[in-house]
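One structure is given below, encoded as structure tokens.
The values are calculated or read from the model by the stated rules, or taken from the named source; none is laboratory data. Note that the coordinates shown come from a computational prediction; the quantities given were computed from them, not determined experimentally. When we count neighbours, we look across all protein chains shown, and the Cβ atoms used for this are built from the backbone with ideal geometry, even at glycine. SASA here: full protein model, heavy atoms, side chains in, ligands and nucleic acids out. Shrake-Rupley method; radii C 1.70, N 1.55, O 1.52, S 1.80 Å.
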Amino acid sequence: MSSESGDQRRTEALELFRLAYEHQMRGEIEEAIQLYKKSLELCPTAESHTFLGWTYSFQGRWEDAIQECLLAIEVDPTFGNPYNDIGAYLVEQDRLDEAIPWFLRALRAPRYESYCFPHFNLGRVLERKRMFARALVEYKKALAENSQHLGALTAIRRLQRQQQRQAAPLATKDCNTAAPAKSRRPVVVAPQV
């Protein structure tokens, strides 16, 4: 294949990818799937596999979504999105322990525009596992990566309120169990002469 025909195929594949994404965002899932597949036939990319997987996830097709992400990793192991997405699909299936390594891999991926997502998703897993302090750390990292991440901000506030509620009974208990105060005698001030 000549360089020119290869460039033409990549250009067509990119256009199909763009159209697929537009259909996906409008909720036209079947159309999006067909366009992503056509894009992949012309020029397989990690992005197209990942987004096809994401589209499958809209249908609850978790295993198909994971398969597409694994194909994306084969095409480009430096691309972070499929690692995070696999973890997210495992979380949806309540496979929390299996999800954690995928989020950690996403955080190590050199080509990833949004590290806030694996931090946030790792926080979700840790919170569900009742590891609240570690979850709070991950949510704060997500917010540091993206100060507009409302999910992270909401989670941080929720866990901080929870910490305050847990600390309040301890403070009350400490006050109530303190040694009884000594009886006070009235203070008598001697008159000055």
Contact order normalised by length for the stretch 1-71, with contacts defined as Cα pairs under 8 Å and 6 or more residues apart; what percent is it? 25
Scalar couplings 3J(HN,Hα) for the stretch 132-144 by Karplus 6.51 cos²θ - 1.76 cosθ + 1.60 (θ = phi - 60°), nearest whole Hz, x for Gly and Pro, are 5, 5, 5, 4, 4, 4, 5, 4, 5, 5, 4, 5, 5
Can you list the aspartates and glutamates whose alpha carbon sits under 17 Å from that of Lys129, skipping same-chain ones fewer than 8 residues off? Glu92, Asp94, Asp97, Glu98, Glu138
Gyration tensor verdict on the stretch 1-90 (Cα atoms; rounded if a/c is under 1.5, prolate if a/b is larger than b/c, oblate otherwise): oblate
Taking alpha-carbon centroids only, the stretch 33-50 lies from the stretch 95-134 a number of Å equal to 26
Asserting the computed 222 nm helical MRE of the chain (DSSP H runs at least 4 long, -39500 (n - 2.57) per run, divided by residue count, to nearest 500) equals -24500 deg cm²/dmol
First select every other residue whose beta carbon is under 14 angstrom from the beta carbon of Gln67; then total the charges, Lys and Arg +1, Asp and Glu -1. -3
Angle, helix 46-58 long axis vs. longest principal axis of the chain, Cα atoms, 0 to 90°, nearest 10? 70
Dipole magnitude of the stretch 53-94, debye to nearest 20 (Cβ charges: Lys/Arg +1, Asp/Glu -1, about Cα centre): 60
Computed for the chain: size of charge dipole around the Cα centre, +1 on C-beta of each Lys and Arg, -1 on C-beta of each Asp and Glu, debye to nearest 20, value 2240
At a probe radius of 1.4 Å, what is the per-residue accessible area of Thr78, in Å² to the nearest 10? 50
For the chain, the longest principal axis of the Cα atoms and the Cα long axis of helix 29-42 enclose an angle in degrees, to the nearest 10, of 60
Positive end of the charge dipole of the chain (Lys, Arg +1 and Asp, Glu -1 on Cβ, about the Cα centre): tell me which of Ala109, Thr55, Ala13 has its Cα farthest that way. Ala109
With the charge dipole of the chain built from beta-carbon charges (+1 for Lys and Arg, -1 for Asp and Glu) about the Cα centre, the Cα from Leu71, Ala133, Leu35 projecting farthest to the positive end belongs to Ala133
May I ask you to derive the relative contact order of the chain, considering only C-alpha pairs under 8 Å and at least 6 residues apart, and to give it as an integer percent? 10
For volume of the Cα convex hull per residue in Å³, the choices are [x] 135; [y] 200; [z] 164; which was calculated from the structure? [y]
Quick one: putting +1 on the C-beta of Lys and Arg, -1 on the C-beta of Asp and Glu, what dipole do you get for the stretch 53-161 around its Cα centre, in Debye to the nearest 20? 800
If you count only protein heavy atoms and use a 1.4 Å probe, how large is the accessible surface of Leu104, to the nearest 10 Å²? 70
